[in-house]
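The values are calculated or read from the model by the stated rules, or taken from the named source; none is laboratory data. Note that this is a predicted model, so its numbers are computed, not measured. Positions of Cβ are backbone-derived with ideal geometry, glycine not excepted, and every protein chain shown enters the neighbour counts.
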Amino acid sequence: MTDVASAPALLWFRQDLRLADNPALAAALDCGSPVVPVFIWAPEEEGDWPPGAASRWWLHQSLTSLSAELRKRGSRLIIRRGPTAAALSRLVAESGASAVFWNRRYEPAAVARDREVKSTLRKGGASAASFNGSLLFEPWTICNGSQQPFRVFTPFWHACLNKPLAPACEDAPRRLPSPGHWPHSLELSELSLEPAVDWAGGFRQVWQPGEAGARRQLRRFLREALAEYPANRDRPGLAGTSRLSPHLHFGEISPGQVRRAVLGAASGNHEACDAYLRQLGWREFAYHLLYHHPESPRQALRRQFAAFPWRMHPEHFQAWTRGKTGYPLVDAGMRELWNTGWMHNRVRMVAASFLVKHLLIDWQAGAAWFWDTLVDADLANNTLGWQWVAGCGADAAPYFRIFRPAIQAGKFDPGGDYIHRWVPELKQGPGSELSKAYALPIVEHGEARERALAALESIRNR
């Protein structure tokens, strides 16, 4: 039998693909024993939301980066397939490990899976411990005066600001203690995460997945965009946002690291600092809602919307997904999404509003499309965003707030730089031969607005 003092500890990586500010890694190192880093691919355990195509592409690159960083530190990443509980149990037996450490996730399927994993490991004689490595605050620690979860953002965020933050964990270790014998590992390519047909060329041009890429992106934001963030954050033609969302989703950087860096770089610019940290607050709020309302990815929080007269028009939905609605700002956003795996947040709101209000297509169809095509596809954020736009969620924009895409374009893309980049048919201006190649509007705004308001009225008294 392996001596418990020298028995390895398994470090189970999930959506925490970094070595700095990683509580589970810190706890494993505190054991003073060899550490065996592990990643287990089990998409079938994600319930209705296995990773989409864009997420799988990013995951492959991020795991490649993590594996290289571990190799630099005398370690390696062991890759296995699920079922997770069985895979971890086998690794415990093969390595002689006495403990397994990981950082928590908060999606409903992941919560249930983690509960099963802890039970299985402990029954087998191994200790199991999980930590908060992806949020500023655990969802169950923020509550209102009645000890109930929040449903409105502003009081939620005020409650968060009155809570002490957990201290920062250590920097990435220079070396990781290794076991005398490494368990067998699959090759990353055996997971088939990358597409068989290479459609990700545009992704590679704009993204550097991995912990180093996250740090680089944060430095760019602090240096070039933070000071003007309040003025530029809604301008899709400018590099005015952090673009950290996929790095945060995959845990290549922690929200605590981002918060501390922003506070350190703000240099007394409280407006810019508060405006950006408020966006981190919305991310926290999204997880708060998902944790307390695990049904929300499939059900509107406002129950009367169960009777909303959505209608699926396949041709209209296809035009929306391909960026051929005849509304330039909507089409620019959908083409940016298809080519880069990302869309500016202001444009996400306009494109989503167009789907659920101009076209009366169920928000869940849009959420599913975003889930497959976004590199930052995150169940909490995706659900909050779509329910907010559709008017059926917590602290949602009312359904009768119907964006007029032309007005949104004039206000937030006044020079047309963003639209012209992604809808080049319009570069020559109205009336030219090139602009005539652009699609005609698939619906007329005024008629669509009236139809949407009538649909809302049909459920108003329910």
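Below, the figures for the structure above:
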read-out: Test for A28: is it small (G, A, S), more than 23 Å from the chain's Cα centre (by Cα) and on the phi < 0 side of the Ramachandran plot; value: yes
read-out: One residue from S127, S119 being in contact with a strand residue (DSSP E or B) (Cβ under 9 Å, 6 or more places away or on another chain), exposed (fewer than 13 other Cβ atoms within 10 Å of the Cβ) and outside the structural domain of R259 (by TED's automatic domain parsing); value: S119
read-out: Every residue from segment 258-293 that is farther than 24 Å from W140 by Cβ, of a type outside the set (S, T, Y) and assigned to a loop (DSSP other than H, G, I, E, B); value: A266, G268, N269
read-out: Cβ-Cβ under 6 Å pairs, at least 6 apart or on other chains, segment 55-72 side buried (at least 21 other Cβ atoms within 10 Å of the Cβ), far side of a type in the set (A, V, I, L, M, F, W, C) and in a helix (DSSP H, G or I); value: L63/L188
read-out: Residue under evaluation I142, criteria (1) aliphatic (A, V, I, L, M); (2) under 30 Å from S192 (Cα atoms); (3) modelled with pLDDT of 95 or more, criterion not met; value: (2)
read-out: Close pairs from segment 386-408: first in the same structural domain as E444 (by TED's automatic domain parsing), partner among the aromatic types (F, W, Y) and in a loop (DSSP other than H, G, I, E, B), Cβ under 7 Å, at least 6 apart; value: A390/Y399; G391/Y399; P405/Y327
read-out: Number of positions in segment 18-41 that are assigned to a helix (DSSP H, G or I) and charged (D, E, K, R); value: 1
read-out: Residue pairs meeting the criteria (Cβ under 6 Å; at least 6 apart or on separate chains; first of a type outside the set (V, I, T), in segment 139-165; second not in a loop (DSSP other than H, G, I, E, B)); value: P139/Y287; P139/H288; P139/Y291; P149/H292; F150/F156; F153/F285; F156/F285; W157/G281
read-out: Search result, residues across segment 312-341 that are more than 17 Å from A437 (Cα to Cα) and either modelled with pLDDT under 95 or more than 23 Å from the chain's Cα centre (by Cα) (or both); value: M312, H313, P314, E315, H316, F317, Q318
read-out: Residues (buried (at least 19 other Cβ atoms within 10 Å of the Cβ) and either more than 29 Å from the chain's Cα centre (by Cα) or at pLDDT below 95 (or both)) located in segment 86-95; value: L91, V92, S95
read-out: Residues located in segment 342-360, provided they are over 23 Å from the mean Cα position of the chain (by Cα) and of a type in the set (A, V, I, L, M); value: L359, L360
read-out: Residue match in segment 367-376 (condition: surrounded by fewer than 20 Cβ atoms within 10 Å (Cβ to Cβ), part of a loop (DSSP other than H, G, I, E, B) and out of contact with any Asp or Glu (no Cβ under 9 Å at 6 or more places or on another chain)); value: no
read-out: Looking only at segment 258-280, and only at residues there that are touching a Lys or Arg at 6+ places or on another chain (Cβ under 9 Å) and of a type in the set (A, V, I, L, M), the one that is surrounded by the most Cβ atoms within 10 Å (Cβ to Cβ); value: L280
read-out: Selection status of P83, under 21 Å from L17 (Cα atoms) and loosely packed, with under 14 Cβ neighbours inside 10 Å; value: no
